[in-house]
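The values are calculated or read from the model by the stated rules, or taken from the named source; none is laboratory data. Just so you know, these numbers come straight off a predicted model, no measurement behind them. In this analysis, Cβ positions are derived from the backbone assuming ideal geometry, glycine residues included, and neighbour counts consider all displayed protein chains. Just so you know, the surface numbers come from the protein's heavy atoms only, side chains and all, with ligands and any DNA or RNA stripped out. Shrake-Rupley method; radii C 1.70, N 1.55, O 1.52, S 1.80 Å.
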Amino acid sequence: MLVLLFSQDSNFTKHTNLPDLPACFQLSVLPWAPCIFLWLTSPFYILYLKMNNRGYIMMSILNRIKTVLGLILWIVCWTDLFSSFHEMSQNQFKPPVYFVTPLVLGMTMLLATFLIQYERLKGVQSSGVLFIFWTISVLFAIVPFRSKIMNASQAEVSVWNDRLRFTTFYIYFGLTLLQLILSCFNEKPPHFSSVVTDPNVCPETTAGFISKMTFWWFTSMAIKGYKSPLENKDLWSLNKQDSSELVVPNLLNEWEMEKSKAQSEQSVKEQAEFRKAGPGTEPNHVSVSPEEEEVLLSKRKEARQPSFLRALLRAFGPYFLIGSAFKLLQDLITFVNPQLLRMLINFTKQSQAPLWWGYSLAFLMFGASLLQTLILHQHFQYCFVTGMRLRTGIIGAIYRKSLVITNEAKRSSTVGEVVNLMSVDAQRFMDLTTFLNMLWSAPLQIVLALFFLWQNLGASVLAGVAVMVLLIPFNAFIAMKTRTYQVEQMKYKDERIKQMNEILNGIKVLKLYAWETSFQEKILQIRQKELNVLRKTAYLSALSTMAWISAPFLVALTTFAVFVTVREENVLDAEKAFVSLSLFNILRFPLNMLPQVISSIVQASVSLKRIQDFLSHDELDPESVDRRNNTSEYAVSVVNGKFSWAKQDQAILDNINVMVPQGSLLAVVGHVGCGKTSLVCALLGEMEKLEGQISIRGSVAYVPQQAWIQNATVRDNILFGRPYVEQKYRCVLEACALTPDLEVLPGGDQTEIGEKGINLSGGQRQRVSLARALYSEADVYLLDDPLSAVDAHVAKHIFDNVIGPEGALKGKTRILVTHGISFLPQVDNILVMVDGRVSEMGSYQDLLKQNGAFAEFLRNYSLEDIIEDDEIIDLLLDEEEEEFPDDALSNHTDMVDNEPVVNEARRQFMRQMSIMSNDPENPKKMSRRRRCSERKHPESPTEKKELKVEKLIQAETTETGRVKLKVYWEYAKAVGPLLSLFICFLYGCQSATSIGANFWLSEWTNDALQNGTQHRASTRVGVYAALGLSQGALVLLTCVLWRVYSMLKAARATHLHMLHAVLRAPQAFFEATPSGRILNRFSKDVDTIDSVIPDSIDIWMRTFWSTVNVLIACSALTPEFLVVTVPLMLLYCCVQRFYVATSRQLKRLESVSRSPIYSHFSETITGTSVIRAYGRNTAFVLLSDMKVDENQKSYYPGIVSNRWLGVRIEFIGNCIVLFAALFAVIGKEKLSPGLVGLSVSYALQVTMSLNWMVRMTSDLESNIVAVERVKEYSETVTEAPWIVKDKQPPPDWPPKGNVEFIDYSVRYREGLDLVLRNISLEVKGGEKIGIVGRTGAGKSSMTLCLFRLLEAADGEIVIDEVKISEIGLHDLRSKLTIIPQEPVLFSGTLRMNLDPFEKYSDEEVWKVLELSHLKKFVSNQASKLELECSEGGENLSVGQRQLVCLARALLRKTRILVLDEATAAVDLETDNLIQSTIRTQFEDCTVFTIAHRLNTIMDYTRVLVLDKGKIAEFDTPANLLAQKGIFYGMAKDAGLV
């Protein structure tokens, strides 16, 4: 009917200057359309509301008005209906439309009124469905509105007869318009919603429908971010439905269901399998042996693993599908514009077409683009929010799992791997969700585009498609190669960072030995390899960029060329050419996206498998330890226990029977590795229980052997989630001997402890851990060797005040693992472990009488065994060092930890043998009396320094606000200013050729108008091809010049400057800057300069020029366009400024809040046993959730800011389309169809480029900061020059080795007190000088001054008539030798560690190895001198490392040797070896020894006693003993007099 109507009335509708629609159409289709929409959507809508109830809203005036209007509308519609019936009764017959339409309308108005009320009850503040309904109603009522007035003005009597309907229609129109206006306003928030309670609620929750569609609600933050940099307090709370507390349980429930489903399927299958194998089921059944049956079952078991993917789909799928629906709509609307463009070009061809048709086409294009924008961004919003929830869910699930996995599972995934699951793999999922819809959307777009192209150009399209298909393998090949190069580049980068890390850890040694240049070379070699790979990648990316930019052109070229050459009568006119071009442009995106999406799906599936494997690990059995309060008198009992670390391992503990009475103290002793710690773990339920039973009465507190400290304040570490009680807390601190330590710490108990307790010494960490246990007031205490890490006197204090029979814990049940023999007589019972079994148990006296393993254990702890014990100590030390990386604060030997973590057993035993040599440098071995006397003056320099150092590590500066132009200029300088300009010019040329090609195309299409045939086809094709290909060539040239040459030049220069500056920085710089921060500059920032910035600049230049192109083209064709350009560009700049400022700061906040998630996580993993023992799982889960939410709180506005920007920028783009079309309609007489096609199809592309340009501006601003950060470190203050040309000392200097200090003073840093005050002394060549003194007396400082690691504040040091302050540092340092306190080795060969510059022959090296007692060890190794030392020399024991340092010294053999004696590292035997070697080999050298054991320096020429930075005594040892001064006191303490 409609088609008929239209064909009859086409003159009436289109070809007239007063168009109108037929009456029948106006009465039926127009009013029905909105009704059909509402009736179709309302069932789904009502269902949705039913499921999502937000609480009800009180009846408001707005709501009442809406309802009343709805009812009036219903009455108005039915008035029409009744008047029709009335007329019928008057025998005036009307067509059925007059009955149906009012009936339908009335019913729909009732439905709308019902929805208004239903929404109020369900808490909907603003209704999208009704808004759309009222909008359609008003739009469709405009046509009758106009035609009724037109008809009335023509005064046709018939209309006036129908006055009632005339009136009701205008009432109806007015009311629907009013409803539309009212539906733009919001209701109040529902009762009891978070909006009312939350002070910083996200405005999205209360935003109206329009505000949500255009993201208007975000504007307030954009403005705030523009006015001043955003801070954490400005961020809105996270929406409830995105928060961890809803998302994670939802995902976990689905996962649990999935697991139980898999298990139930499993059991069903197994039963079936078993039945099948039952006897006599089939006549020809072959019997199955039990083994085979087992194999069958195991196969079945593998068959079905629970699928994490299904759980994800069920948890997040429905929400994601809404986004997919939007995507489908958007895909369909995309193809509307090329059709409208065809109509517009047609319109310009027809001279007699009415103008209103052109205008309506222009506005239709604008409407379609606008709708597409809104829908696309809704789709993105849904996708991104799904991605965000996915990440929250996955991180939550992994965190919860990591708290309960078995030790066996822990072994299979390292901490790093699990942190990667959280960061990398969860991130991959998040990235995938944004593009996942492309999987079905890309093929759909391709099919649609090809369909329309086929309609347009016929079979010639296949030529173009062939080109596209051929480009796919080309791109795939490039992608593959790029991937392999990336892997290679990562390998070099990791190597470079590892090397850099070693340099930073051993920087002090490098400086002392003057080895910087050798190591700088090593780094630069690796860097060169890295840059070579980057160069290859750059060539590839140049090719792929060329392919990506030339592809649409090549496709168009082949298609058009084939089209015109196939048949004579094929004419390429504007309509065909430009509609095809716009369709090719649509095709370009899905074709490029598809391979990317597929590769990211592959990556995500790998991630999925890894996450699924982790989540399927076995969990600890919470029932393995019986915690019920049974009423036996034993607090802890183990009966026939057999335990292993993993189910299939052999048992570590076997046949364990232990009964610990309530309130007793049980000591567990035994040799290293006999299973003491395992026993404690078994009691905690950390081990696999193979048989037997354990029961523990009441709560447990646990002190692990290696203290686990959180990155929180000391107080938080001790309270561990319990309420603070002043009195109790003070007692705990006293008992654990922490009060004096807290006086020293800068913030007292509010001092923030670094990661892994880095700014506490080992002993302090252990005591904090003990205090935590004491404060928790548990019933049973499991103490795993807590006394090993503390000094003897502190250990005694703790035993007396905490653990022992009179301590704070008396009356509690305590199990103490210990090596301290002295405490054993005071315990109730002793349990002796031998090889994982309980060998005997009883009181001290009983066990001595039995004369069994225990008595032997006591006897064995005699001196002969100390050596053997030392090996164990070395081992322990190695482990300790792995656990606790070097603290950035304690680089100065002077600040050596008060209690380094060292196995104390041996030393305690030696104390009992009372042959303890004195060690005044280290309070560890100081008598208690002295410790107390020191406490009276805590202001000794060391502590002061600690205080300062604590504040010295400043927070890293983050730039806020706009990036200064200077930074861009810095980068341009690194590239070369002229070159930069030339590259910009080349980008411009690229654009010019592309404009040229398109103008030529429009000329070519005009041929068709003039004569209807193509007589110059070959010329046209030839020139078009030439222009297009020259664009491709220019792209390639620009890319090669930019990527391969300029960018690598900048990358090389920036890295080189920074490396050079960092290696030249003074020692103080490394103490004030954590190595992690320097490494970050060398890894992340350098990487940004290497690969991220070039990409950003490249894309920015492109989008910038293509935007300029569009504006130039449109303005050239229709100069009026310039009038519009100015306000649009102003609007654009305005939006961009708002966006960039806000989004940059949001990115910063997001990255700042991201690292705490991972650091908290890795901290948790290392402390799971402690967390479980104290039963703090839930608290930690909440803490982790809070950190994730905190991070998402800044991530979410970041996503929305992109949507906000997109909608606004695309609106500007849509305006450009509108004006381009409007001006084309206005200038229809002047313009050829080709030019109209050109300007509008250009305008259609502009939205994309505008959008990208803002994004890239923002990215570039975020990333160019890397240049600034690298530059900051390239300009660090350097130390004195390495070589001073005119002051170089003679090659054989120093000939004698005389050293003279003249009135010498020094301080560590500007503004600190002097460490040495007015030291004057003279040392003759060949003298042996021992330096002694208390901690902080300035002993180590003296040696640092000789090497000028500390520069003089006053006075001079003269060595053999040369003032050392005048010569270059390398000249000085290479002529002195030091054997430092901590032996530092670098990864590389042993040979490299001894002689990095390869100055010496192999014979010389072997000689020194023999002298340093390493020859036997080295010659036993397969690779001899090429023995690879691992990072930090981990594969050598500490003693061996010390010997390697001795070998270094012997190899350099300089006139002056400084010995900073190692305390804990070397056992007595090795120490004697070192001393004897030094006596023989350095006989004629001047030796300075900082002595810790006085017996080593008793035969020295003279001894220097320092006290508070001044010389207290200086004479021969004999004279000093006779003087009975400080030295005599020390010797007496050491038992030497």
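At-a-glance table
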| read-out | value |
| --- | --- |
| Over the chain, relative contact order from alpha-carbon pairs under 8 Å, at least 6 apart, % | 11 percent |
| About the Cα centre, charge dipole magnitude for region 1052-1096 (Lys/Arg +1, Asp/Glu -1 at Cβ), debye | 160 debye |
| Along each principal axis, Cα extent of region 1146-1202, largest first, Å | 46, 17, 10 |
| Binned Cα-Cα distance frequencies in the chain - 20 Å width, integer % | 7, 26, 30, 21, 12, 4, 0, 0 |
| Listed residue (ASN592, SER1046, TRP357) projecting farthest to the positive dipole end of the chain, Cβ model | TRP357 |
| Between region 306-332 and region 181-239, the Cα center-to-center distance that results, in Å | 26 Å |
| Alpha-carbon centroids, region 1115-1171 and region 565-607: separation in whole Å | 30 Å |
| P(r) weight above 27 Å for region 495-619, C-alpha pairs, percent | 61 percent |
| Convex hull projection area averaged over all views, region 798-861, Cα basis, nm² | 4.5 nm² |
| Förster radius 41 Å - calculated FRET efficiency between LEU309 and GLN750, Cβ distance, rounded to 0.05 | 0.30 |
| Estimated dipole of region 1144-1235 in Debye, rounded to 20 [Cβ of Lys and Arg +1, of Asp and Glu -1, Cα centre] | 140 debye |
| Relative contact order (percent, whole number), region 1294-1409, Cα cutoff 8 Å, 6+ residue spacing | 26 percent |
| Rg/Rh for region 1211-1301, where both radii come from Cα atoms and Rh is the Kirkwood radius | 1.68 |
| R0 of 22 Å, Cβ-Cβ distance THR16-VAL1123: FRET efficiency to nearest 0.05 | 0.10 |
| Sequence of HIS617, HIS1055, HIS86 when ordered by accessible area, the most exposed leading, probe 1.4 angstrom | HIS86, HIS617, HIS1055 |
| Accessible-area order (highest first, 1.4 angstrom probe) of the listed residues VAL768, VAL469 | VAL469, VAL768 |
| Dipole in debye (nearest 20) - region 1252-1354, about Cα centre, beta carbon charges: Lys, Arg +1; Asp, Glu -1 | 420 debye |
| All lysines inside 22 Å of LYS647 as judged from Cα atoms, apart from same-chain residues fewer than 8 positions distant | LYS259, LYS299, LYS301, LYS401, LYS410, LYS676, LYS689 |
| Rg to Rh, two decimals, where region 333-409 supplies the alpha carbon set and Rh follows Kirkwood | 1.53 |
| Lysines whose Cα lies under 19 Å from that of LYS576, excluding same-chain neighbours fewer than 8 positions away | LYS349, LYS1228 |
| Point-to-point label distance, GLN350-ILE478, nm (Cα→Cβ direction, 7 Å offset) | 4.4 nm |
| Shape category assigned to region 1150-1304 from the gyration tensor of Cα positions, a/c cut at 1.5 | oblate |
| Of all accessible heavy-atom area on the chain, the percent that carbon and sulfur account for (1.4 Å) | 61 percent |
| Estimated FRET transfer efficiency (LEU1131, LYS1287; beta-carbon r; R0 60 Å; 0.05) | 0.35 |
| Pairs beyond 28 Å (Cα-Cα), from LYS796/LYS1508; LYS50/LYS233; LYS1339/LYS1524 | LYS796/LYS1508; LYS50/LYS233 |
| Stokes-Einstein diffusion coefficient of region 1359-1428, Kirkwood radius over Cα pairs, 10 °C, 1.306 mPa s, in µm²/s | 111 µm²/s |
| Length released on extending from PHE1417 to GLU1398, taking residue separation times 0.36 nm less the Cα-Cα span | 4.7 nm |
| Calculated P(r) tail over 17 Å for region 1055-1176, as whole % of Cα pairs | 78 percent |
| Solvent-accessible heavy-atom area per residue, rounded to whole Å², over the chain at 1.4 Å | 43 Å² |
| For region 1040-1068 versus region 425-440, the gap between their alpha-carbon centres in whole angstrom | 36 Å |
